[in-house]
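This report refers to the structure that appears directly beneath it.
Throughout, read-outs are computed from the coordinates displayed, never taken from laboratory work. Please read these numbers as outputs of a predicted model, since none were measured by experiment. No Cβ is skipped: glycine too gets one built from the backbone with ideal geometry, and neighbour counts run over all protein chains shown.
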Amino acid sequence: MLITAQKNNKEENYEKDGRIPFIISSSYLLTFLFIRLAVMIAGSAGSAASTAAKTGDLQFYIGSNIILFGYHIHHLYIGIFLIALAGWFSITRTEFIDRRDNALIYGIGLGLFMDEIGLLLSGGDYWHSTTYLLSLLLGGIFLNIIFFPDFWKDLRSHLGEFNPKNKILRHYKSSALISGVDKLADEADKTGKVTLVFSGLIYIIVGMLIISNPELVYYWVAGGFFLQGLTKFVEAWKA
């Protein structure tokens, strides 16, 4: 009985750790921004080493690029390895590594992979605009998971109860959303300073990226409009 109770308690704690989404999201965003800035500063994209590797003239090189046996080892492969490693630890629930450390590994791997998603989809163009579009989209999803979980949970429950034969939606009779929004507001007050510092850091880094790559303005403005649209939906639902 004691072993069963301890196992159930462990399972409950495994499911309730609300810091996991924040660790994944922040490590993903910071890794993405760091590696992109590092590539810009080092000039790794289109360097002489990467060009020589494509023509087969270079077999081994470790510097701004990694060339092994004539193959250019992009950091997206390192990202895939870290994601797979985190997946293995998560599925097996090994005690070798803490769950939060595993979330950090996953976020870093995801950041490394997403930094070269445009290169993968375009057939070799590291600066392809698809990278910014998909990375902003994924970042927006993560921010919704962190800051609006009660809203989406309540929306899902109402959609599950929705009867299309009724002209009046039953969710207007429920105060669950209001209490959820109040709870979210309380949590936001507690973490207000952290959120402001994190947001300020993101804006400064993105500003630096825009200066070095003006095309990013298009996707940053579009992402801002999408997030504002989601905010208006939340306010409309609350009203």
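List of remarks:
- Built amide H within the under 5 Å cut-off of I66, gap 5+: I73
- Spin-label pair L85/T51, simplified geometry with 7 Å Cα→Cβ offset, distance in nm: 3.4 nm
- Taking the fewest neighbouring Cβ atoms within 10 Å as the starting point, the ordered list for I62, I35, I80 is I62, I80, I35.
- As a rough footprinting exposure proxy, the listed residues S135, S64 were ranked by other beta carbons within 10 Å of their own, and the order from fewest upward is S64, S135.
- With the simple spin-label model, which puts each label point 7 Å out from Cα in the Cβ direction, the M208 to F96 separation comes to 3.5 nm.
- Added length on full extension, which subtracts the Cα-Cα distance from 0.36 nm per residue, T130 to Y77: 17.2 nm
- Around F32: net Lys/Arg minus Asp/Glu count, Cβ-Cβ under 14 Å: -1
- Summed residue charge, Cβ within 13 Å of I67's Cβ, Lys/Arg positive, Asp/Glu negative: 0
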